[in-house]
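Peer 1: Let me begin by handing over the structure; questions about it come next.
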Amino acid sequence: MTSLEELPLRPELRGRSPYGAPQPPATHRLNTNENPHPLPADLLADLGAALGRAALELNRYPDRDAVALRADLAAYLTRTSGETVTPQQVWAANGSNEVLQQVLQAFGGAGRTALGFTPSYSMHPILAAGTGTTWVDGHRRADFTIDTAAAAQQIRETAPDVVFVTSPNNPTGTAVALETIEQLYAATTGVLVVDEAYTEFARAGTPSALTLLPGRPRLIVSRTMSKAFGMAGLRLGYLAADPAVVDALQLVRLPYHLSSLTQAAARTALAHTDALLATVDAVKAQRDRIVAALPGMGLTSVPSDANFVLFGRFADAPAVWRALLERGVLVRDVGLPGWLRVTAGTAEETEAFLTALGEVARIQP
Ligand code: PMP
């Protein structure tokens, strides 16, 4: 067996572990923030037909610029945000992970710096490492909110080329006020990426940063169909930004990166947007139910605008994680001392989670 140490691996990758939560078998999988609701039957039928049609053309390369898909995504953003977003402002790739990687390939890279406010989505620093971009940890308050003045100051001092703001934040669920985003944008000369993977689950009064795009050519808003749309297996992420940003990303994207099957499936799903997003309110209700039940067990949570809840505090969070798993409930230990993260899904899943947690909280306060 050859070990990694024996390979001429880039030094900054040595000793690192690949991204990925442990996936032990469990009855209730509440660890990766997916939408558990099954896809509507008429969408499944339309997907079969659309993929069949696309298959007839598989001898040809796909539309390299995904023009029709980007128009559909722009229409969705325009309809739901009230802000006019044109197809030229939209870019799509295989999951928002690939979108974010392309942003770092274009705007980060060797000799450049990216800054994000920790704890946040752990792929941001991993994508930075993979693109040779130096990573800087930005600070949050103890309650996981961002102190705007301190954050703007840190941005001015470190002058990053890329700034990440995740809103609602993963793993804490914390939404970031638009005034904060405006001020962080004003403080940076780099691009500012607002990662809005969970925005469809936000509570009323937490608007998307899409409304800030006009007049801000270095602002990027990234989205995904993996969460609210319930299409994690599709691998379709996208962003909205100034058309010049989209031009920049075309310099680094692989030709034909989005397969014709992906494009056809994503367009079909978008034609069923209303039916797909009909599950969002039900998921939010389960999130709020989890939040409401925790104090009765002597526990607390971080206010969440996402489809998950960071809950605690525990003297030994890994022990609680194991005890929940023994009861068939898989949650995520995100490495924050005292806290665990649970995905809000169906009513049955919430029931199973709260029952297991009630038992565990009695023996493992
Ligand atoms: N951003 C955030 C904040 C996420 O939590 C995730 C998925 N866990 C992603 C982006 C990437 O999602 P995808 O590649 O499936 O679009």
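FYI, it's all coordinate maths here, none of it is from the lab. Not measured: the values here are computed from a predicted model. We place every Cβ from the backbone using ideal geometry, glycine too, and count neighbours over all the protein chains shown.
Peer 1: Mind checking the stretch 1-104 for GluC sites (Glu not before Pro) that DSSP puts in a loop (not H, G, I, E or B) and that have at most 12 other Cβ atoms within 10 Å?
Peer 2: Answer in residue order: 57.
Peer 1: Using the Cα centre of the stretch 1-51 as the reference point, and only Cβ charges (+1 on K/R, -1 on D/E), how large is the resulting charge dipole? Debye, rounded to the nearest 20.
Peer 2: Roughly 220 debye for the stretch 1-51.
Peer 1: Quick check: Cα centre of the stretch 97-151 to Cα centre of the stretch 327-365, how many Å?
Peer 2: Between the Cα centres of the stretch 97-151 and the stretch 327-365 lies a distance of 29 Å.
Peer 1: With only Lys, Arg, Asp and Glu charged, each at its Cβ (+1 for the first two, -1 for the last two), find how big the charge dipole of the chain is about the Cα centre; round to the nearest 20 debye. Write out the running numbers ahead of the final one.
Peer 2: On the way: 30 positive and 35 negative charges, 59 e Å.
It comes to approximately 280 debye.
Peer 1: Multiplying the sequence separation of residue 277 and residue 143 by 0.36 nm and subtracting their Cα-Cα distance, what value in nm do you get?
Peer 2: Net length gain for the segment: 45.2 nm.
Peer 1: Just name one of 134, 166, 117: the one whose Cα is farthest towards the positive end of the charge dipole of the stretch 103-191 (beta-carbon charges, Lys/Arg +1, Asp/Glu -1).
Peer 2: Comparing the listed Cα positions along the dipole, 134 ranks first.
Peer 1: I want the antiparallel fraction of DSSP beta bridges within the chain, as a percent rounded to 5.
Peer 2: 45 percent
Peer 1: Among 36-47, 227-238, how do they line up by average Cβ neighbours within 10 Å per residue, starting with the highest?
Peer 2: Ranked by mean Cβ neighbours within 10 Å, highest first: 227-238, 36-47.
Peer 1: Note down the net charge around residue 281, summing +1 for each Lys or Arg and -1 for each Asp or Glu among other residues with Cβ under 11 Å from its Cβ.
Peer 2: Summing Lys/Arg as +1 and Asp/Glu as -1 gives 0.
Peer 1: Sticking with this one: When the helices in the chain are scored as -39500 (n - 2.57) per DSSP H run of 4 or longer and the sum is shared across all residues, what 222 nm value do you end up with, to the nearest 500 deg cm²/dmol?
Peer 2: Computed ellipticity for the chain at 222 nm equals -11500 deg cm²/dmol.
Peer 1: Putting +1 on Lys and Arg Cβ atoms and -1 on Asp and Glu Cβ atoms, find which of 217, 49, 77 reaches farthest to the positive end of the dipole of the stretch 41-272.
Peer 2: 49
Peer 1: Using DSSP, restrict attention to beta bridges with both residues in the stretch 248-365 and report what percent are antiparallel, rounded to the nearest 5.
Peer 2: In the stretch 248-365, approximately 100 percent of DSSP beta bridges are antiparallel ones.
Peer 1: Still on this structure, please answer the following. Please give the peptides 243-251, 282-290, 21-29 ranked by average Cβ packing (other Cβ atoms within 10 Å per residue), highest first, as a rough proxy for protection. Numbers along the way, then the final one.
Peer 2: Values: 243-251: 15.1, 282-290: 19.1, 21-29: 13.6.
The peptides rank, most packed first, as 282-290, 243-251, 21-29.
Peer 1: Under 10 Å, Cα contacts only: if you run a Gaussian network model on the chain, which one of 199, 172, 189 comes out with the highest mean-square fluctuation?
Peer 2: 189
Peer 1: Okay, next question. Over the stretch 41-272, calculate the relative contact order: mean separation of alpha carbon pairs under 8 Å at least 6 apart, over the residue count, as a percent.
Peer 2: It comes to 27 percent, rounded to a whole number.
Peer 1: Express in whole angstrom the spacing between the alpha-carbon centres of the stretch 265-279 and the stretch 194-211.
Peer 2: If we compute the Cα centre of each part, the gap is 18 Å.
Peer 1: Taking K and R as +1 and D and E as -1, what net charge do the other residues with C-beta under 11 Å from the C-beta of residue 297 add up to?
Peer 2: Once positives and negatives cancel, what remains is 0.
Peer 1: Report the net charge of residues surrounding residue 29, where surrounding means a beta-carbon distance below 12 angstrom and charges are Lys +1, Arg +1, Asp -1, Glu -1.
Peer 2: -1
Peer 1: Next question, about the same structure. Which cross-chain or sequence-distant (5 or more) residues have an amide H under 5 Å from the amide H of residue 169, H modelled 1.01 Å from N in plane?
Peer 2: Under 5 Å from the amide H of residue 169: 174, 175.
Peer 1: Let me ask something additional. Would you mind calculating the gained length between residue 1 and residue 285 on full extension (0.36 nm times residue separation, minus the Cα-Cα distance), in nm to one decimal?
Peer 2: Details: separation 284, 0.36 × 284 = 102.24 nm, distance 5.01 nm.
Length gained, residue 1 through residue 285: 97.2 nm.
Peer 1: Let me ask something additional. Give me 81, 304 sorted ascending by neighbouring Cβ count inside 10 Å, so fewest comes first.
Peer 2: In increasing order of surrounding Cβ atoms, one gets 81, 304.
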